[in-house]
Amino acid sequence: MELFGQFIGIFKFIYDGLYIIRKYIFSLTESFNLFIKNNPIINYPPKRKKSKSITQPKYLIKNENSSRYSSSKIILSYNNSNKNIRNRMIINNERSSFNIDNKNTLKRKKSKFAIKNTNNNIKENNEYMNKIKEYLCPDFDETDFDEVLDKDKRTFCEYFFEKFKNNQIFINTFFINEILRPKSLKFIILIITIELYFVINALFYNEEYLSELFNSNKEELFFSFVPRRFNQFMYTSAVSGIISYLVGYFFVDETKLKKIFIRNKTEELRMKYELSLLAKNIEQRFIGLILFSIFLSIICFFYISCFNIVYPYIRTEWIKSSLFILIIMQILSLLITIFETCFRFLGIKLNSKRLFNLSLWMS
């Protein structure tokens, strides 16, 4: 099941993951160039247009022989040309009336789709332009206590929900859209997390623990394994640190893209070159994540299969304890987020830098 879920994530990423990232970087680059052109840093003087000599057409140059034509011939030619023009106008009006009716029906059908497409394009352009404005604004340092006092206007609930969504791996995987972190690859990270919880929990089952379990006379309840496995739970919690390291290594942060735009405001070619290198780096990291996840899943599959063959009677407790650790870690993450938010806003309200630094340490 785990390998099947990983293959679904891999195929989803291959289908549209890299295309969306490349389109995002290309659109930001185009919006950045438009923004710089409309708000130039250096105003260059306009180039002078070269004056072109005006020459009269040949048919307007009067020759000496042209003045010798009689007026009667000019009148006859004028009348004949008028008759021909009238006949052509009648025929063209009949044709145009037929063509206009057909064109109007086609235009009515196409106008609805054209309006939708233009509205979508305008929305996308506005979003990218807003992104560029955010990129060019000075960075807001959340670790600077004085800067947070001046600039951070978020309420307690806004800050808490923002942190809660980022810290909870299930919510972050399925409900948060991040272009540089596709959902398909975040789903692979989620599968790796679950695998590591099950495998690391199985590593701490040894013969001494199993002999004590089968020789005990105590009645076995649903949560009887909790006091026995408490020490192992502390070691298994190291999975969260492993996952955070994997996310930091395989995913590229948005700040790298932002730094490229800010660093190359006046050098368009250098900016495009660095963005192309960043796109290749993103692709290489994502391919590395896919290969690592497949390799790790194969190892975990063989280990878990051997564990269930050697210890078939402990399978139920192993599954329950692994799921229990996974749930406990999500609850612990929620509690840490609550305490972090409380200490942060207490530090801001009481103007205490120590409480603020304590919240940074908890984050």
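Since every read-out is calculated from the coordinates, none of them should be taken as a lab result. All values reported here derive from a predicted model rather than from experimental measurement. Glycine gets a Cβ as well: all are built from the backbone with ideal geometry, and neighbour counts include every protein chain shown.
Calculate, in nm to one decimal, what Glu30 and Asn177 gain on full extension: separation in residues at 0.36 nm each, minus their alpha carbon distance. Numbers along the way, then the final one.
On the way: separation 147, 0.36 × 147 = 52.92 nm, distance 2.21 nm.
Roughly 50.7 nm would be gained on extension.
Among Arg270, Arg344, which comes first, then next, by fewest other beta-carbon atoms within 10 Å?
On the way: Arg270 12, Arg344 25.
Lowest count first: Arg270, Arg344.
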| request: Give the calculated FRET efficiency between Met362 and Glu268 to the nearest 0.05, with a Förster radius of 56 Å applied to their Cβ-Cβ distance. | output: 0.85
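Could you calculate, for segment 231-314, the ratio of the Cα radius of gyration to the Kirkwood radius, expressed as Rg to Rh? Don't skip to the answer; put the middle values down first.
On the way: Rg = 20.3 Å, Rh = 16.4 Å.
Ratio of gyration radius to Kirkwood radius for segment 231-314: 1.24.
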| request: For segment 222-273, just list the percent of Cα-Cα distances falling in each 5 Å bin from zero outward, please. | output: 4, 15, 13, 10, 10, 9, 8, 7, 6, 5, 5, 4, 3, 0
| said: Treating segment 216-363 as a set of equal point scatterers at the Cα positions, no solvent, please give the Debye-formula log₁₀ I(q)/I(0) at q = 0.09, 0.18 Å⁻¹. | reply: -0.57, -1.14
| field | Length added when fully stretched, Ala238-Lys349, from 0.36 nm per residue minus Cα-Cα | value | 36.6 nm
| message | Under the 0.36 nm per residue contour assumption, what length would be gained going from the current alpha-carbon distance of Thr255 and Glu207 to full extension? | response | 12.3 nm
| field | Restraint check, Lys183/Lys256; Lys186/Lys265; Lys37/Lys183, Cα-Cα greater than 25 Å | value | Lys186/Lys265; Lys37/Lys183
